[in-house]
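Only one structure is covered here, and it is reproduced in the block below.
The values are calculated or read from the model by the stated rules, or taken from the named source; none is laboratory data. Just so you know, these numbers come straight off a predicted model, no measurement behind them. For neighbour counting, all protein chains shown are included, and Cβ atoms are generated from backbone atoms with ideal geometry for every residue, glycine included. SASA here: full protein model, heavy atoms, side chains in, ligands and nucleic acids out. Shrake-Rupley method; radii C 1.70, N 1.55, O 1.52, S 1.80 Å.
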Amino acid sequence: KHSGQGKLTEMVMISERPPEVDSRAVPGHWEGDLLMGGRTSAIATLVERQTRYCQLVALPEGPGAVEAVCEALKQSITTLPAQLRRSLTWDQGSEMSEHRRFSVESGVEVYFCDPRSPWQRGSNENTNGLLRQYFPKGKSLAGVSQERLDEVAGKLNRRPRETLGFRTPAEKLAELIDGLEDAGAER
């Protein structure tokens, strides 16, 4: 919900985020943002902090359709096991004005960065930089299909990363999911 000046209401700030998020010790904490294509088109980017695994989300109605943005993010993140969807850190963009509804419907708490502090979502900023190889700045993203976004995310998730000991985000996420399944089988 908006208050009159275009500010988001009921925000939980990054300073209130659990310490486990900063340390990357616990999986399931995500960073999110919009990758803008011109002024009226965008895609949403979600990056898991521990594995650097990314999911790209089509926003066919554009970034201003806040209910549709909320729904698209929820649809994307709920494809993951519950243990891998603990929190989402976002900037204070108006596209997240439905953040309370998103949290209730997805079970994912949203934390907001301080104003003009993109480094507080460093994994996401890095991923958005990589995405510009596929989606150049200023080029419209209006016609980009979810299928195309899944293809690009797949390429990024199969790219070895120095920060992961030259493993890929896809390998790291698969290990986490296998570990969750093994833990479930032991019960």
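Per-structure values
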read-out: Options Glu31, Glu48; residue that is touching a Lys or Arg at 6+ places or on another chain (Cβ under 6 Å) and in contact (Cβ under 8 Å) with a residue 40 or more places away in the chain; value: Glu31
read-out: Any hit, the stretch 172-181, residues being touching a strand residue (DSSP E or B) at 6+ places or on another chain (Cβ under 8 Å) and either touching a residue at least 12 places away in the same chain (Cβ under 8 Å) or surrounded by 13 or more Cβ atoms within 10 Å (Cβ to Cβ) (or both); value: yes
read-out: Among the candidates Ser140, Ser145, residue that is open to solvent by less than 60 Å² (accessible area, probe 1.4 Å), over 17 Å from the mean Cα position of the chain (by Cα) and over 15 Å from Ser123 (Cβ atoms); value: Ser145
read-out: Any strands (runs of 3 or more DSSP E) falling wholly within the stretch 1-87 and containing at least 1 residues that are touching a Phe, Trp or Tyr at 6+ places or on another chain (Cβ under 7 Å); value: 29-37, 41-48
read-out: Output for the stretch 91-110, where each listed residue is open to solvent by less than 40 Å² (accessible area, probe 1.4 Å) and over 21 Å from Thr79 (Cβ atoms); value: Gly93, Ser97
read-out: Top-ranked residue of the stretch 155-171 - restricted to ones that are of a type in the set (S, T, N, Q) and touching a residue at least 12 places away in the same chain (Cβ under 8 Å), ranked as nearest to Tyr134 (Cα to Cα); value: Asn157
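So that you can scan it fast, the table gives a plain yes or no per residue for (1) under 14 Å from Ser123 (Cα atoms); (2) touching a Gly at 6+ places or on another chain (Cβ under 9 Å); (3) modelled with pLDDT under 95; (4) open to solvent by less than 20 Å² (accessible area, probe 1.4 Å):
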position: Gly6; (1), (2), (3), (4): no, no, yes, no
position: Pro19; (1), (2), (3), (4): no, no, yes, no
position: Arg24; (1), (2), (3), (4): yes, no, yes, no
position: Ile43; (1), (2), (3), (4): no, yes, no, yes
